[in-house]
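Structure first, commentary second.
The values are calculated or read from the model by the stated rules, or taken from the named source; none is laboratory data. Owing to the predicted nature of the structure, the values given are computational and were not obtained by experimental measurement. Here the Cβ positions follow ideal geometry from the backbone for every residue, glycine too, while neighbour counts run over all protein chains shown. Quick note on the areas: whole protein, heavy atoms, side chains included, nothing else; ligands and nucleic acids left out. Shrake-Rupley method; radii C 1.70, N 1.55, O 1.52, S 1.80 Å.
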Amino acid sequence: GKGLRCLLDVPNTEVYRNAHHGLGRFCSQSSQPLGEKIPSLQISSVRQLPHDFPAWNIQTIRSFHTSPSLQAAPVPLFWIIVKPAQKLFAIILGRSIRKWWKALPPNKRELFKESARKNKWKIMLGVSSLGVVFVMFYFTHLEETPITGRARLMVFSKEHFRELSQMEYDTWMELFKSQMLPETHAGYQVVETIVGHLSESNKDIPEVSALKWVIHVVDEPTVNAFVLPNGQVFVFTGLLDAVSDIHQLSFILGHEIAHAVLEHAVKKASLVHFLDFLSLIFLTMIWAICPRDSLAVVGQWIQGKLQEFMFDRPYSRTLEAEADKVGLQFAAKACVDVRASSVFWQQMELAEAIEGQPKLPEWLSTHPSHENRAEHLDRLIPEALKIRESCNCPSLSGPDPRLIFRLNMQRLLELAESREAPNSTKQDPSKPKLDFPHT
């Protein structure tokens, strides 16, 4: 779903624009503090890109595709349509059981309870057999994730999901048809060049070379990018404005490509489908046990929230962390300065603090927090640097971008303190409090 595709949806801030430096300078990092005037991000010409980023030939089809009128709907789409009907059936069944039980005379209820007590072992055996069936189904549908080797549940086939992603592609193209940048636009050429370089540098991975990467750059201020399972790459110009350099953009695109290569959309849909099927049993029990419909509705809501916060969202965060790890490896093999990856999420944390956006707990989100994401990448960077070195990449010149960001943050905080100190010892409630654990 959208949770797997979206990086973040925050408005651009002046801090971003003042902190940007030239995208074309592949190996340079600005050492100027944030308080001073720094040139804004410029994507003026693809000729500014270094020779390490040749313009690879990437398929750039823009035509719309329509499915044949008699073509059967993909299996995932069928289950999406049937899902509400399944829940309705479970509710009707549970409610019917409750009404049947209430309509029974007291003597028949006692006889039924007595019969249940006498056959309790048979009932337990039946329930256990049903549990064994679910466990066998789960383990017989496990596959090995490419690259990471982690076991994953796969209920739907990849072919069915590629059909579904083609339908989704048509929807996105229809939605953004008036906002697509032309292939001659500098921003489009930058994205095309980076995606081409990433795919060429990782062509030894069969899942990367098997897909045709098609570029679409949308003129939209949203900080967003996603890649569909069939290789359709969508990048919003808001993201091009938010990144500080070509290294950050390369890592983000590597992260999104990793989602497609690792088939995270199929994995997430498979788990959700499996959990939804299990939840039908509990949904039936809730409507059968609760004495009133109002209580059953509350119980159903509680069950849905428990499933969401105990399984769905943690699994989404796990997939995001996995895409960060693999995306960082993709970027390292493409000779990108992988140290810039954690800086991007620290910048996003800074932007949210300046915008005054509330800092929600991570367990409420489908994505890891910016703070935890940056820390996770910092732990992965040493391994990524070894991969980069093993690929005979040129050695990194200049200071560590993480150090530059910390110095800039320190300078910004000192300026803020110097302005507040003469006026008042109390903090102005109109100004957001800056709290940056990474500094």
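The set of residues in the stretch 354-393 that are among the basic types (Lys, Arg), open to solvent by less than 60 Å² (accessible area, probe 1.4 Å) and under 30 Å from residue 311 (Cα atoms) contains only 373. Would the stretch 285-304 turn up any residue that is assigned to a helix (DSSP H, G or I) and closer than 19 Å to residue 189 by Cα? Within the stretch 285-304, not a single residue is assigned to a helix (DSSP H, G or I) and closer than 19 Å to residue 189 by Cα.
Sub-8 Å Cβ pairs linking a first residue in the stretch 139-165 that is in contact (Cβ under 8 Å) with a residue 12 or more places away in the chain to a second residue that is open to solvent by less than 40 Å² (accessible area, probe 1.4 Å) and among the aromatic types (Phe, Trp, Tyr), at least 6 apart or interchain, are 153/274; 155/274, ordered by first then second residue.
Every listed requirement among (1) open to solvent by 60 Å² or more (accessible area, probe 1.4 Å); (2) touching a Cys at 6+ places or on another chain (Cβ under 6 Å); (3) under 27 Å from residue 207 (Cα atoms) is met by residue 397 save one, (3). Taking the stretch 178-196 as the search range and keeping residues that are touching a residue at least 40 places away in the same chain (Cβ under 8 Å), part of a loop (DSSP other than H, G, I, E, B) and farther than 19 Å from residue 252 by Cβ, which one is least open to solvent (accessible area, probe 1.4 Å)? Per the criteria, the residue is 179.
Yes or no, residue by residue, for (1) over 20 Å from residue 373 (Cα atoms); (2) at pLDDT below 95:
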{"site": "266", "(1), (2)": "yes, yes"}
{"site": "272", "(1), (2)": "yes, yes"}
{"site": "282", "(1), (2)": "yes, yes"}
{"site": "288", "(1), (2)": "yes, yes"}
{"site": "292", "(1), (2)": "yes, yes"}
{"site": "307", "(1), (2)": "yes, yes"}
{"site": "318", "(1), (2)": "no, yes"}
{"site": "330", "(1), (2)": "no, no"}
{"site": "353", "(1), (2)": "no, yes"}
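Each residue in the stretch 325-377 was checked for being more than 19 Å from the chain's Cα centre (by Cα) and part of a helix (DSSP H, G or I), and 8 of them qualify. When the stretch 261-279 is filtered for residues that are assigned to a helix (DSSP H, G or I) and open to solvent by less than 10 Å² (accessible area, probe 1.4 Å), the ones remaining, listed by number, are 261, 264, 266, 267, 270. Residues that are open to solvent by 10 Å² or more (accessible area, probe 1.4 Å), outside any loop (DSSP other than H, G, I, E, B) and of a type in the set (S, T, N, Q) within the stretch 216-251 comprise 232, 237, listed in sequence order.
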